[in-house]
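The values are calculated or read from the model by the stated rules, or taken from the named source; none is laboratory data. In this text the structure is predicted, and so the values were computed from the model without any measurement. Cβ sites come from the backbone with ideal geometry, for glycine too, and all protein chains shown count toward neighbours. For the accessible areas, the whole protein counts, side chains as well, though only heavy atoms, and no ligand, DNA or RNA atoms are used. Shrake-Rupley method; radii C 1.70, N 1.55, O 1.52, S 1.80 Å.
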Amino acid sequence: MKSEEVLKVFEQVGAIRQGHFELSSGRHSATYIQCALVLAHPSHAEQLGRELAGLFGNLGVTCVLSPALGGIVIGYEVARALGVRALFVERDRSGQMALRRGFEFKPGERVLVVEDVWTTGGSTRETIGVVEQEGGLAVAAGALIDRSGGRLELNVPSRALLEMDVPSYEPDDCAQCRAGGIAARPGSRFSRAHP
Ligand SMILES: [Zn+2]
């Protein structure tokens, strides 16, 4: 699947929107990519999962780990394609990413970390930290979209199906905020926002 084909899938379902958004990283951007609208279609999710898995086929991973919630569906599909377990981390009461629900790694287990979108890569970095804490070995990280324009620095090899260079800003540096605009939090408002 070429990058343009991946982009086409996202555009077809209206998953790329323009406006004024606060991303989950806390940064502001005029563009929001709502992967959930793509992954809502099981056929797209399965195909994208297979494509992403294909980038990591020779690493001998026995487990995929994703940050909740955004990473769960795509992580599950990548795991399906690789024929391995699909686990996820979620925030505990103190706000730390943690492995719960009886999920665990075998000592030294080779783990692939999968997320939907990278802006700063913060969630993936936290998830890699959990792998290390829990005795696994994070061997690589993957995402559907890297919107950092390839500027991410993760401490494991990383690949995304689609690289985009979409600017995002700290709220203090956001031109739309300075013009008096209020950023929407797409997690709750995206479905009601106009494209
Ligand atoms: Zn703003």
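Observations, loosely collected:
- At full extension, residue 58 and residue 159 could sit 35.0 nm farther apart than now, given 0.36 nm per residue minus the alpha carbon distance.
- Inter-label distance, nm, simple model (7 Å from Cα along the C-beta direction), residue 173/residue 93: 3.8
- Virtual paramagnetic centre 7 Å along Cα→Cβ of residue 3, amide N under 20 Å, in segment 28-69: 30-35, 48-56
- Summing charges over all other residues whose Cβ lies under 15 Å from the Cβ of residue 11, with Lys and Arg as +1 and Asp and Glu as -1, gives +2.
- Rounded to whole numbers, the Karplus 3J(HN,Hα) couplings from phi for segment 30-47 are 7, 10, 10, 10, 9, 4, 4, 5, 7, 6, 5, 9, x, 5, 5, 4, 5, 5 Hz, using 6.51 cos²θ - 1.76 cosθ + 1.60 with θ = phi - 60°, and x at Gly and Pro.
- Largest mean-square fluctuation among 17, 50, 178, in a Gaussian network model of the chain whose springs join Cα atoms under 10 Å apart, belongs to 178.
- Probe 1.4 Å, all protein chains present, accessible-area order of 80, 85, largest first: 80, 85
- For segment 124-183, GluC sites (Glu not before Pro) meeting the loop criterion (DSSP other than H, G, I, E, B) and having at most 14 other Cβ atoms within 10 Å: 153.
- Taking every alpha-carbon pair under 8 Å whose residues sit at least 6 apart, the chain reaches a relative contact order of 22 percent.
- Across segment 56-63, computed HN-Hα scalar couplings (Karplus, 6.51 cos²θ - 1.76 cosθ + 1.60, θ = phi - 60°) run 10, x, 9, 8, x, 6, 10, 6 Hz from first to last residue, x flagging Gly and Pro.
- Our estimate of slack between residue 43 and residue 132, defined as 0.36 nm per intervening residue step minus the Cα-Cα distance, is 28.7 nm.
- For the chain, the alpha-carbon radius of gyration amounts to 1.01 times the rule-of-thumb value 2.2 N^0.38 Å expected for a compact globular protein.
- Taking amide H positions as modeled 1.01 Å from N, with prolines and chain starts lacking one, no residue 5 or more places away or on another chain lies under 5 Å from residue 168.
- A simple charge model with +1 on the Cβ of Lys and Arg, -1 on the Cβ of Asp and Glu and nothing else charged puts the dipole of segment 1-80 at about 80 debye relative to its Cα centre.
- Distance (nanometres) between label positions extended 7 Å along Cα→Cβ at residue 50 and residue 31: 2.8
- Lys, Arg +1 and Asp, Glu -1 on Cβ, resulting dipole of the chain about Cα centre, debye, nearest 20: 400
- Annotation for segment 65-100 versus segment 8-36: alpha-carbon center distance of 21 Å.
- Within the accessible area of segment 61-195 (1.4 Å probe), percent carbon and sulfur: 48
- For the chain, the solvent-accessible area with a 1.4 angstrom probe is 52 square angstrom per residue.
- Mean residue ellipticity, 222 nm, helices only, the chain: the sum of -39500 (n - 2.57) across DSSP H runs of n ≥ 4, divided by residue count and rounded to 500, is -8500 deg cm²/dmol.
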